[in-house]
Amino acid sequence: MERIGEAEYAVMEVLWKDAPLTAAEVAARVPAARGWSIRTVKTMLARLLAKNVLAHEEQGRRYLYRPAIARADYVAQESGRLIDRMFGG
């Protein structure tokens, strides 16, 4: 599984908490301190789809997004990477 960047992780946190959501719903739930536009959120969603960590389905003229991986699985993977990096495996 590919690594998720810090900004992408903010989007994933929203979707792990409550899914499925539209891009507009994700944008409304991302912390306001980030100051992201809907366009920025759509860019993040596209990156996450390309990494196969998100899935989407069409519902009329909009897409609903949902995580394709569990939060616990991603956290376990990242924890393993940190341990490998810090302690050489």
Q: Taking amide H positions as placed in the peptide plane 1.01 Å from N, state which residues far from W36 in sequence (5 or more) or on other chains have amide H under 5 Å from it.
A: none
**Q.** Computed P(r) (all Cα pairs; the chain; 5 Å bins; percent)
**A.** 3, 14, 25, 23, 15, 10, 5, 3, 1, 0
Q) Mean residue ellipticity at 222 nm from the helices of the chain, using -39,500 (n - 2.57) per DSSP H segment of n ≥ 4 over the full residue count, to the nearest 500 deg cm²/dmol? A) -17000 deg cm²/dmol
Q | Cβ-Cβ FRET estimate between M1 and T40, R0 fixed at 22 Å, reported to 0.05 | A | 0.40
Q | the stretch 1-58: GluC sites (Glu not before Pro) falling in loop per DSSP and having at most 13 other Cβ within 10 Å | A | E2
Q: Roll a 1.4 angstrom probe over the protein heavy atoms and tell me the percent of accessible area of the chain that is carbon or sulfur.
A: 51
Q | Placed amide H near A68: partners under 5 Å, 5+ positions off or other chain | A | L54, A55
Q.
Using a probe radius of 1.4 Å on heavy atoms only, what accessible surface per residue do you get for the stretch 1-81? Whole Å² is fine.
A. 60
Q | Karplus 3J(HN,Hα) series, Hz, for the stretch 56-71 with 6.51 cos²θ - 1.76 cosθ + 1.60 (x for Gly, Pro) | A | 9, 9, 7, 9, x, 9, 10, 10, 10, 10, 8, x, 9, 10, 7, 4
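The values are calculated or read from the model by the stated rules, or taken from the named source; none is laboratory data. Here the structure is a predicted model, which is why all the values come from computation and not from measurement. As a convention, Cβ positions derive from the backbone with ideal geometry for all residues, glycine included, and neighbour counts pool all protein chains shown. Note: areas computed on protein heavy atoms with side chains; ligands, DNA, RNA excluded. Shrake-Rupley method; radii C 1.70, N 1.55, O 1.52, S 1.80 Å.
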